[in-house]
Structure formats: C-alpha cells, structure tokens
Amino acid sequence: MGGGTAPRWLGLGTAPLAGLHRAVDENEAIEAIDRAWDLGIRFFDTAPYYGSGLAETRLGLALRGRPRGDFVMSTKVGRRLEPGRSSWHGAPPLRAYFDFSYDGALGSLEESLERLGLDEVDVALVHDPDDHYEEATSGAFRALRRLREEGSVKRIGVGMNRSEPLCRFAEESDPDCFLIAGRLTLLDRSATERLLPLCLERDISLIVGGVFNSGILAGGTTFDYARAGDEVAQRAERLEEIARRRGVPLAAAAVQFPTRYQGVETVLVGCASAREVEDDVRLAGVAVPARLWDEFE
C-alpha cells in the first residue's frame with residue numbers, strides 16, 4: 001500500500017466523500033477515513049452542509065472507538081438541514097438553508113454532535129456568512145463565543161472562500177482561527193495581501209482549503225468549481241511547465257504551497273477514496289527545491 005506518512009500539517013476535508021462530485025457509498029467513505037488515520041492524518045474538517053449530514057455521520061462511524069484526544073474535529077454552523085431535495089450526489093432528502101441566528105447555531109452544533117457521536121468538537125466555524133455578516137456576528141459567532149467560554153468548544157472562527165470578509169471578522173471579533181479556501185494557492189494569493197498580515201498580528205491561525213482551486217492545479221480543468229477561463233488555464237499551464245522542468249508534480253507544489261507562510265497550521269485535502277488519500281499524502285511528502293518556489297514567483 002502506498003502513501004507514506006502524512007506531515008502534521010495535513011488534514012482531511014470531507015465534502016468529496018459525502019457526494020460533492022459523485023455518489024460515494026458508506027463503505028468507500030469509511031475506508032478513505034480509515035486510510036487517512038492509518039497514514040497519520042489527525043485533523044478532520046466537516047460541516048452539516050456536506051452531503052446533507054452524510055460527511056458528519058460517516059466521520060462519526062469511522063472515528064468511533066478512536067482515542068478522542070488523538071484527533072482534532074472541526075465542523076461548522078450557519079447552514080441547517082430540513083426536508084427537501086439535496087444538491088449532493090447520493091445524499092438523503094434534506095436541503096440546507098442559512099440560519100446564522102444565536103439559537104440556530106446552538107441547535108446546529110447539537111445536531112452535528114449527534115451525527116458525529118461526540119460530546120464536543122475542537123473547532124467550530126461560522127460557515128460562509130458572505131451576505132449575512134451582521135446576523136453572523138450578533139448571532140452565530142456570539143453563540144460560539146459562549147460555548148468557548150464554557151469550554152464546550154476549544155477554538156472558534158469563520159470559514160469562507162473570500163478574504164475580505166474574514167479581514168472584517170479579524171478586526172471586529174475575536175476568532176481563534178479561520179478556514180480560507182482557494183485564496184492561498186499558487187494561482188490565487190489574495191489572502192496574502194491583507195488577511196495573512198492581520199492574522200499574524202492578531203494571533204489567528206489559518207486552516208487552508210481549496211489548494212487545487214477545485215481541480216486545475218491537480219490536472220483538472222475547473223477553477224473555483226467552474227470551467228477555467230483561458231487566462232487562468234494559461235497561467236496553470238505555465239506553472240505546470242516550470243514544475244515539470246524541476247521534476248516536481250504541480251499538485252505536490254500546490255498542496256505544500258500554503259505551508260510556506262507563517263500562521264498556516266493546517267492544509268486540507270478533500271478525498272473521496274482511500275486511493276486519493278494515499279495520493280495526497282504522497283504529494284505532501286514530495287521534496288520541492290527552494291529554487292522552484294523562486295521560479296513560481
């Protein structure tokens with residue numbers, strides 16, 4: 001079996017194993033989580049939204065019996081589930097709706113704990129409050145702050161795909177961490193402009209997702225979940241050429257890129273199978289020469 005050993009900074013994102021791109025059966029999903037564990041991954045990020053609850057349920061099943069102090073569990077609030085048609089492949093008939101209220105956040109986390117089979121999570125994040133900043137700060141984030149004070153949650157923060165709203169949270173609230181997806185990558189470094197300096201100044205750690213920009217940096221054709229435009233595709237091809245000259249897979253450079261920045265604690269890779277887990281762990285361990293980073297610049 002391949003894969004090597006995962007570095008401490010590598011974490012597992014669970015959206016793909018809950019039907020993001022294709023239906024994944026329960027056994028395949030649990031096998032992927034088990035393989036991640038065997039290879040040393042101990043940070044698991046999930047959300048009620050992923051697979052309309054499937055991701056949390058499957059994580060709970062796979063991690064049942066594992067020593068609780070040996071792994072970090074991160075989930076989210078702000079999207080709750082109700083009967084309806086799911087947009088996820090192979091998911092139960094539950095649709096997600098936004099609820100960034102105080103009580104909504106508390107209720108959401110209770111439901112997550114039930115699906116996960118846990119008494120507490122280590123990290124709780126407000127999930128994509130792009131157009132709901134005021135409600136999220138006065139409601140959901142305030143609820144998470146209370147849970148942190150009570151010791152029910154160790155760290156709280158916000159997870160988004162955009163840097164600027166996170167900067168506002170950094171300036172006006174007291175988060176412990178942020179999850180930023182797709183904005184600290186070889187193709188999009190916008191998080192380095194304001195967000196990263198703010199996080200360093202305020203001691204806010206970063207969890208980085210979307211390192212392949214939804215596929216184009218790993219041999220795919222999509223960028224931010226849509227077909228890549230010509231300009232982005234050409235830039236990716238140029239990066240591929242540079243990496244090839246140095247004998248490094250572009251995907252390996254992509255997954256390791258965020259770790260070059262102080263304040264980044266975890267890099268998430270989303271996997272739908274044990275084989276994908278093994279591939280990503282291998283990529284995380286590829287030696288990348290310093291000169292390659294200079295050439296990328």
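Under the condition of being open to solvent by 50 Å² or more (accessible area, probe 1.4 Å) and out of contact with any strand residue (DSSP E or B) (no Cβ under 7 Å at 6 or more places or on another chain), the residues counted in the range 136-151 number 5.
All of G40, G3, G90 fail the test of being assigned to a loop (DSSP other than H, G, I, E, B), open to solvent by 10 Å² or more (accessible area, probe 1.4 Å) and modelled with pLDDT under 95, apart from G3.
Look at (1) surrounded by fewer than 16 Cβ atoms within 10 Å (Cβ to Cβ); (2) touching a Leu at 6+ places or on another chain (Cβ under 8 Å); (3) among the charged types (D, E, K, R) and you find that R168 fails only one, number (2). Right, L195: hydrophobic (A, V, I, L, M, F, W, C) and surrounded by fewer than 24 Cβ atoms within 10 Å (Cβ to Cβ) or not? For L195, the condition - hydrophobic (A, V, I, L, M, F, W, C) and surrounded by fewer than 24 Cβ atoms within 10 Å (Cβ to Cβ) - is not met.
Which is touching a residue at least 40 places away in the same chain (Cβ under 8 Å) and either basic (K, R) or not in a helix (DSSP H, G or I) (or both), of R168, R142? Even if it seems obvious, please write down each step before you answer.
Working: R168 fails: touching a residue at least 40 places away in the same chain (Cβ under 8 Å).
Selected residue: R142, the only one of R168, R142 that is touching a residue at least 40 places away in the same chain (Cβ under 8 Å) and either basic (K, R) or not in a helix (DSSP H, G or I) (or both).
Looking only at the range 152-165, filter to residues that are more than 20 Å from M73 (Cβ to Cβ) and polar (S, T, N, Q); which one of those is most open to solvent (accessible area, probe 1.4 Å)? Top of the filtered list is N161. The requirement of being in a helix (DSSP H, G or I), surrounded by fewer than 18 Cβ atoms within 10 Å (Cβ to Cβ) and in contact with a helix residue (DSSP H, G or I) (Cβ under 7 Å, 6 or more places away or on another chain) is not satisfied by E231. In the set (1) of a type in the set (G, A, S); (2) in contact with a Gly (Cβ under 6 Å, 6 or more places away or on another chain); (3) not in a helix (DSSP H, G or I), S74 fails one condition alone, (2).
Sub-8 Å Cβ pairs linking a first residue in the range 96-113 that is free of Cβ contacts under 8 Å to residues at least 60 places away in the same chain to a second residue that is among the acidic types (D, E) and assigned to a strand (DSSP E or B), at least 6 apart or interchain, are Y97/E82, ordered by first then second residue. If I filter the range 7-37 down to residues being within 13 Å of L63 (Cβ to Cβ) and either acidic (D, E) or part of a loop (DSSP other than H, G, I, E, B) (or both), which single residue comes out as least open to solvent (accessible area, probe 1.4 Å)? My answer is T14.
How many residues are out of contact with any Lys or Arg (no Cβ under 9 Å at 6 or more places or on another chain), closer than 17 Å to H132 by Cα and either aromatic (F, W, Y) or open to solvent by less than 70 Å² (accessible area, probe 1.4 Å) (or both) if we restrict to the range 101-117? So the answer is 1.
Looking only at residues in the range 64-86 that are of a type in the set (K, R) and within 17 Å of P48 (Cα to Cα), the one that is surrounded by the fewest Cβ atoms within 10 Å (Cβ to Cβ) is R85.
For the range 248-297, please list each of the helices (runs of 4 or more DSSP H) lying entirely inside it that holds at least 1 residues being open to solvent by less than 50 Å² (accessible area, probe 1.4 Å) and at pLDDT below 95. Reasoning before the result, please.
Values: elements: 250-256, 274-284, 290-296.
Correct list: 290-296.
For residues in the range 43-71 being basic (K, R) and not in a helix (DSSP H, G or I), which is nearest to A105 (Cα to Cα)? So that I can check it myself, show each step before the final result.
Narrowing the range 43-71 to residues basic (K, R): 58, 64, 66, 68.
Adding the requirement that they be not in a helix (DSSP H, G or I) leaves 64, 66.
Numbers: R64: 25, R66: 27 Å.
Looking at residues that are basic (K, R) and not in a helix (DSSP H, G or I), I get R64.
The values are calculated or read from the model by the stated rules, or taken from the named source; none is laboratory data. These figures come from a predicted structure and were not determined experimentally. Heads up, the Cβs are rebuilt from the backbone with ideal geometry, glycines too, and the neighbour counts pull from every protein chain shown. Accessible surface is based on the protein model in full, side chains and every heavy atom, while ligands, DNA and RNA are left aside. Shrake-Rupley method; radii C 1.70, N 1.55, O 1.52, S 1.80 Å.
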